[in-house]
1. Could you give every pair whose Cβ atoms fall below 6 Å, whose first residue belongs to the range 202-228 and is farther than 20 Å from R143 by Cα, and whose second residue is basic (K, R), counting only separations of at least 6 or pairs across chains?
2. Going by the structure shown, is E165 among the acidic types (D, E), outside any helix (DSSP H, G or I) and either in the same structural domain as A30 (by TED's automatic domain parsing) or within 23 Å of L56 (Cα to Cα) (or both)?
3. Checking A137 against (1) free of Cβ contacts under 8 Å to residues at least 40 places away in the same chain; (2) in contact with a Pro (Cβ under 7 Å, 6 or more places away or on another chain), which single condition isn't satisfied?
4. Among the residues of the range 60-76, how many are part of a loop (DSSP other than H, G, I, E, B) and exposed (fewer than 15 other Cβ atoms within 10 Å of the Cβ)?
5. Given the structure, is S195 over 16 Å from I28 (Cα atoms), hydroxyl-bearing (S, T, Y), outside the structural domain of E142 (by TED's automatic domain parsing) and modelled with pLDDT of 95 or more?
6. Please go through the range 108-130 and pick out each residue that is in a loop (DSSP other than H, G, I, E, B) and among the basic types (K, R).
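The values are calculated or read from the model by the stated rules, or taken from the named source; none is laboratory data. Predicted, not measured: the structure shown is a model, and the values here were computed from it. Using ideal geometry, Cβ is built from the backbone for each residue, glycine included, and neighbour counts are taken over all protein chains shown.
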Amino acid sequence: MFRLVSIPDELHEWISFEDPDEHRTWMIDATYFRSNYKCIYGEGCKGVLDDDATDLQQGCCSYGAHFEGKKDLATVVKSSKRLTKKNWQNKDKAKAKGWSVTAKDGSTKTRVVDGGCIFLNKPGFEGGTGCALHIGALEAGERPMDWKPDVCWQVPVRLEEHVEEDGHILSVLREWKRRDWGEGGADFHWWCTESADAYVGKDQAYITLRDEITELVGKKVYKLISEQLSAPYGVPLPHPAIRKK
């Protein structure tokens with residue numbers, strides 16, 4: 001006799017394997033990375049404000065970006081110098097007062113100007129709407145992730161590392177959730193990884209996000225992740241955003 005089992009709203013399937021060269025276990029959110037998630041900035045993204053902000057085309061750029069350390073900051077110091085008035089709407093404002101500030105917690109972040117990150121070009125700007133660093137990198141024939149703050153190219157992928165008492169490391173690769181933004185995340189009107197609107201990609205997310213994942217875990221581990229996620233399997237569990245649709 002069959003018994004109906006309710007499915008929790010946030011049920012995900014995971015894969016886990018041991019690193020062949022380190023004392024490390026990898027845990028991968030298979031439900032997310034096998035999904036067809038894609039960034040829909042400029043294609044219906046509603047932003048991260050407390051109301052629908054589709055028309056503003058700010059994406060994740062409403063509050064400025066926090067830097068993860070000196071290397072992260074140095075990347076943007078270098079890339080910002082390569083931007084021109086043609087591809088950076090706020091270049092004069094940055095020249096006058098700088099483009100970074102010190103946050104309440106003592107960390108450095110990009111300055112907010114006119115309701116968005118100072119590197120954000122508004123709709124209608126001749127040099128292009130969106131992140132000036134992203135635009136500048138593409139114009140230079142380079143990868144945007146090599147120009148932008150780490151958090152800006154990592155989202156919506158999140159890598160967490162936990163060190164156990166014996167020194168063994170547990171590395172968890174998963175989707176970025178509202179809670180990862182802190183208390184403010186709960187106030188977002190919309191968040192992409194929980195919206196069916198963003199699950200419209202032609203390829204699975206581990207393929208679409210290959211460069212980002214590789215930058216976080218390395219080529220060797222990405223290959224292992226790709227092999228596991230592409231291996232034959234039963235009917236995969238649809239992402240919660242799709243199940244709610």
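1. Between residues of the range 202-228 that are farther than 20 Å from R143 by Cα and residues that are basic (K, R), the close pairs are Q204/R34.
2. Working: among the acidic types (D, E): yes; outside any helix (DSSP H, G or I): yes; either in the same structural domain as A30 (by TED's automatic domain parsing) or within 23 Å of L56 (Cα to Cα) (or both): yes.
Criteria met by E165.
3. For A137, the exception is condition (1).
4. Filtering the range 60-76 down to residues part of a loop (DSSP other than H, G, I, E, B) leaves 60-65, 67-69.
Then drop every residue that is not exposed (fewer than 15 other Cβ atoms within 10 Å of the Cβ), which leaves 68-69.
Residues flagged as part of a loop (DSSP other than H, G, I, E, B) and exposed (fewer than 15 other Cβ atoms within 10 Å of the Cβ) within the range 60-76 amount to 2.
5. yes
6. At the first step, the residues of the range 108-130 found to be in a loop (DSSP other than H, G, I, E, B) are 111, 114-115, 118-119, 122-129.
Hits for the range 108-130 are R111, K122.
Residues checked against (1) of a type in the set (F, W, Y); (2) farther than 30 Å from I225 by Cα; (3) touching a strand residue (DSSP E or B) at 6+ places or on another chain (Cβ under 9 Å):
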| residue | (1), (2), (3) |
| --- | --- |
| P8 | no, no, no |
| F17 | yes, no, yes |
| T25 | no, no, yes |
| L49 | no, yes, no |
| Q57 | no, yes, yes |
| C61 | no, no, yes |
| Q89 | no, yes, yes |
| V101 | no, yes, yes |
| K104 | no, yes, no |
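Okay, residues lined up against (1) without any contact (Cβ under 8 Å) to a residue 12 or more places away in the chain; (2) surrounded by fewer than 20 Cβ atoms within 10 Å (Cβ to Cβ); (3) assigned to a helix (DSSP H, G or I):
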residue: I28; (1), (2), (3): no, no, no
residue: C45; (1), (2), (3): no, no, no
residue: D52; (1), (2), (3): no, yes, no
residue: Q58; (1), (2), (3): no, no, no
residue: K78; (1), (2), (3): yes, yes, yes
residue: R82; (1), (2), (3): no, yes, no
residue: N87; (1), (2), (3): no, no, no
residue: G106; (1), (2), (3): yes, yes, no
